[in-house]
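Reviewing the structure listed below.
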Amino acid sequence: MGKLSRRGFIGGLAGAAAAATTHLGARTLPLPLDAPARTFPRPKNAQLAWQDFEVGMLFSLDMPVFSNGGWRETRETFDPNLYNPTQLDTDQWLQAAKDAGCRYAIFTATHFNGFLQWQSDLYPYGLKQSSWRGGKGDVMKDFVESCHKYGIAPGVFLSCHRNAYQKVWKYRVNWGEGGPEQAQFARLGERMTDELCSRYGPLCEIWYDAGLLAPDDGGPDVLPIVDRDQKKIVFYSSPQRRDHRWIGNEAGYAGDPCWATMPDLSTSYQAHISSTLPAMKELNLHGDPAGNLWSPAMVDVPIRNHEWFWRPGDEHKLYSPDALVGMYYTSVGLNCNFVIGAVPDQRGLVPRMDAEVGAAFGKEIKRRFGKPLAETKGHGNSAVLRLEAPSRIAHVVMMEDIAQGERIRQFTVEALVPGNHWEKLFEGQSVGHKRIINFPALEAAQVRIQVSKSTASPRLRSLAVYSTA
């Protein structure tokens, strides 16, 4: 196989060497290169970091896992002494996440059952009331410490959407009917947020499952707390702030195109809570290229098909490594984050088969994308990557410099193939953080990118070529 040049971008950049083998044209479109920020919604630093993580793992553990039938959605509560993960090992969890190639992880500190898996006196239904570890266990603490050990950014999940102990259903007390106790529950949500954000050091994300009600609608006023204690966090989500969006399915795919921008907060949030409406589902799936809110998509999938928690006998629902790889292409490869749901069992361990599937997935992604054959960066509307000798290639990966916003609106990828003619490989619209273009392996002497529509001069953080040979 011929070797591709790894030398840098030259077109229009001062000081670039004339002998370089990549070129990115400097021709611009009508808008200036650095148009005002209002023209280009741009991510905050925390969002940039979150998008660079690309793959995360959500560890879902809840009190009903320890009942005889395993986890189920229920309005009943349980004897806290049932909580008894005798082999709990968060190091084993994070090793599984690392093997899968995850760069961040989230723990369900409290889920729909309302059981508190950290040391808390907010109400008497949690680890303090359990005989496990003499009532002194703190799984959130263990989880964060393991994240640090394995170099994975920690995050936290909590529910103010359902809480069986507090009789909250779909945000409202009295099993969804509401009532004067709503304000008390809102204060409880604030105190949960306070404890989780102030005790465990920097977190990468706080995830309120199914979002929050606005404070003036009976929801907790958590933003001042988060802003005080976790200034670099990604927040998901409320009508006031939504740093990323849910893609709208749990099947592992985004739309094409998939933009990182959405309409204003109220419309964006309505798209989330009304995701059963076809128009809103499409908005979550594709984003809005004219949107003024930076809210990239998260594609979340439980590793056991549609089972977010452990139940006995569900091993047959495990996705195959190949299926997860396919989802990587339709999530990370389409400008999204990919979150894999892991299911610690009654022992407190990620089951062996689940960990093996995740590791095989991580190994294959690393094999395909661990090292590019060639890579460049720069700005302009055309790019040519010249190979030192004709070589077989199977992937082209594009990344915009999204710190400057999403600018590309339409592009074409071509390869110079034997016979000295250009063969079109792909034509698309969105690029954003990352666009993976895969095709049957072919021999090429050059790869060419042409941007035909953009809001301003495109800025490419990376243009890379890979082969799976």
Please go through segment 55-105 and pick out each residue that is farther than 18 Å from G358 by Cβ, touching a residue at least 60 places away in the same chain (Cβ under 8 Å) and outside any loop (DSSP other than H, G, I, E, B). P64, V65, F66
Tell me, which residue of segment 239-263 that is modelled with pLDDT of 95 or more and among the small types (G, A, S) is surrounded by the most Cβ atoms within 10 Å (Cβ to Cβ)? A260
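Give segment 264-287 a look and list any residue that's part of a loop (DSSP other than H, G, I, E, B), modelled with pLDDT of 75 or more and surrounded by fewer than 18 Cβ atoms within 10 Å (Cβ to Cβ), or say none. Step through it out loud before you land on a result.
At the first step, the residues of segment 264-287 found to be part of a loop (DSSP other than H, G, I, E, B) are 264, 274-277, 287.
Filter once more, keeping what is modelled with pLDDT of 75 or more: 264, 287.
The one that is part of a loop (DSSP other than H, G, I, E, B), modelled with pLDDT of 75 or more and surrounded by fewer than 18 Cβ atoms within 10 Å (Cβ to Cβ): D264.
Out of S131, S159, S198, I need the residue that is over 25 Å from the mean Cα position of the chain (by Cα) and not aliphatic (A, V, I, L, M). Which one? If you could, list the steps in order and put the result at the bottom.
Details: S159 fails: over 25 Å from the mean Cα position of the chain (by Cα); S198 fails: over 25 Å from the mean Cα position of the chain (by Cα).
None of the others qualify; the one that does is S131.
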Mind checking whether some residue in segment 65-73 is among the acidic types (D, E) and modelled with pLDDT of 95 or more? no
Q129 - would you say it is of a type in the set (S, T, N, Q) and without any contact (Cβ under 8 Å) to a residue 24 or more places away in the chain? no
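What are the residues in segment 199-214 that are buried (at least 17 other Cβ atoms within 10 Å of the Cβ) and either in a strand (DSSP E or B) or without any contact (Cβ under 8 Å) to a residue 40 or more places away in the chain (or both), if any?
Narrowing segment 199-214 to residues buried (at least 17 other Cβ atoms within 10 Å of the Cβ): 200, 203-209, 211-213.
Once the filter is applied, which keeps residues that are buried (at least 17 other Cβ atoms within 10 Å of the Cβ) and either in a strand (DSSP E or B) or without any contact (Cβ under 8 Å) to a residue 40 or more places away in the chain (or both), segment 199-214 yields E205, I206, W207, Y208.
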Residues of segment 106-126 satisfying the condition of being touching a residue at least 60 places away in the same chain (Cβ under 8 Å) and over 28 Å from the mean Cα position of the chain (by Cα): S120, L122, Y123
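Would you point out which residue out of V173, V139, V168 is within 17 Å of C197 (Cα to Cα) and among the aliphatic types (A, V, I, L, M)? Working first, answer last.
Values: V173 fails: within 17 Å of C197 (Cα to Cα); V168 fails: within 17 Å of C197 (Cα to Cα).
After applying the criteria, what remains is V139.
Which residue, of K136, K98, is under 28 Å from D52 (Cβ atoms) and basic (K, R)? Before you say what the answer is, go through the steps one by one.
On the way: K136 fails: under 28 Å from D52 (Cβ atoms).
Unique residue meeting the criteria: K98.
Restricting attention to segment 250-263, which residues are in contact with a strand residue (DSSP E or B) (Cβ under 8 Å, 6 or more places away or on another chain) and either of a type in the set (S, T, N, Q) or assigned to a loop (DSSP other than H, G, I, E, B) (or both)?
Just the residues of segment 250-263 that are in contact with a strand residue (DSSP E or B) (Cβ under 8 Å, 6 or more places away or on another chain), to begin with: 250-258, 260-263.
E250, A251, G252, Y253, A254, G255, D256, P257, C258, A260, T261, P263, listed by residue number.
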Any residue at all in segment 82-99 that is touching a strand residue (DSSP E or B) at 6+ places or on another chain (Cβ under 7 Å), surrounded by fewer than 24 Cβ atoms within 10 Å (Cβ to Cβ) and among the polar types (S, T, N, Q)? no
I need the strands (runs of 3 or more DSSP E) fully contained in segment 364-463, keeping only those with at least 2 residues that are of a type in the set (D, E) and in contact with a Gly (Cβ under 7 Å, 6 or more places away or on another chain). 382-400
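Check whether at least one residue in segment 448-458 is in contact with a helix residue (DSSP H, G or I) (Cβ under 8 Å, 6 or more places away or on another chain) and not assigned by TED's automatic domain parsing to the domain that holds G291, and report yes or no.
The initial filter retains those residues of segment 448-458 that are in contact with a helix residue (DSSP H, G or I) (Cβ under 8 Å, 6 or more places away or on another chain), namely none.
Scanning segment 448-458 turns up no residue that is in contact with a helix residue (DSSP H, G or I) (Cβ under 8 Å, 6 or more places away or on another chain) and not assigned by TED's automatic domain parsing to the domain that holds G291.
Kindly evaluate D62 against the criterion of being modelled with pLDDT of 95 or more, assigned by TED's automatic domain parsing to the domain that holds F309, more than 20 Å from L158 (Cα to Cα) and among the acidic types (D, E).
no
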Are there any pairs with C-beta distances below 8 angstrom linking a residue in segment 169-196 that is free of Cβ contacts under 8 Å to residues at least 60 places away in the same chain and under 19 Å from T77 (Cα atoms) to a residue that is among the aromatic types (F, W, Y) and crowded, with 16+ Cβ neighbours inside 10 Å, with the two at least 6 apart or on different chains, and if so which? V173/F185; G176/W169
Residues of segment 288-323 classified as surrounded by fewer than 16 Cβ atoms within 10 Å (Cβ to Cβ), touching a helix residue (DSSP H, G or I) at 6+ places or on another chain (Cβ under 9 Å) and not in a helix (DSSP H, G or I), total: 3
Does segment 157-164 contain at least one residue that is surrounded by 19 or more Cβ atoms within 10 Å (Cβ to Cβ), in contact (Cβ under 8 Å) with a residue 40 or more places away in the chain and closer than 25 Å to L48 by Cβ? yes
If a residue must be more than 18 Å from A290 (Cα to Cα) and surrounded by fewer than 17 Cβ atoms within 10 Å (Cβ to Cβ), how many such residues does segment 402-420 contain? 5
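Of the residues that make up segment 106-128, is at least one closer than 22 Å to A355 by Cα and of a type in the set (S, T, N, Q)?
Of all residues in segment 106-128, those closer than 22 Å to A355 by Cα come to 106-109.
Right, trim to of a type in the set (S, T, N, Q) and you get 108.
Checking segment 106-128: at least one residue is closer than 22 Å to A355 by Cα and of a type in the set (S, T, N, Q).
The values are calculated or read from the model by the stated rules, or taken from the named source; none is laboratory data. Everything quoted here is computed from the prediction, not taken from an experiment. Here the Cβ is made from the backbone with ideal geometry for all residues, glycine too, and neighbour counts use every protein chain on show.
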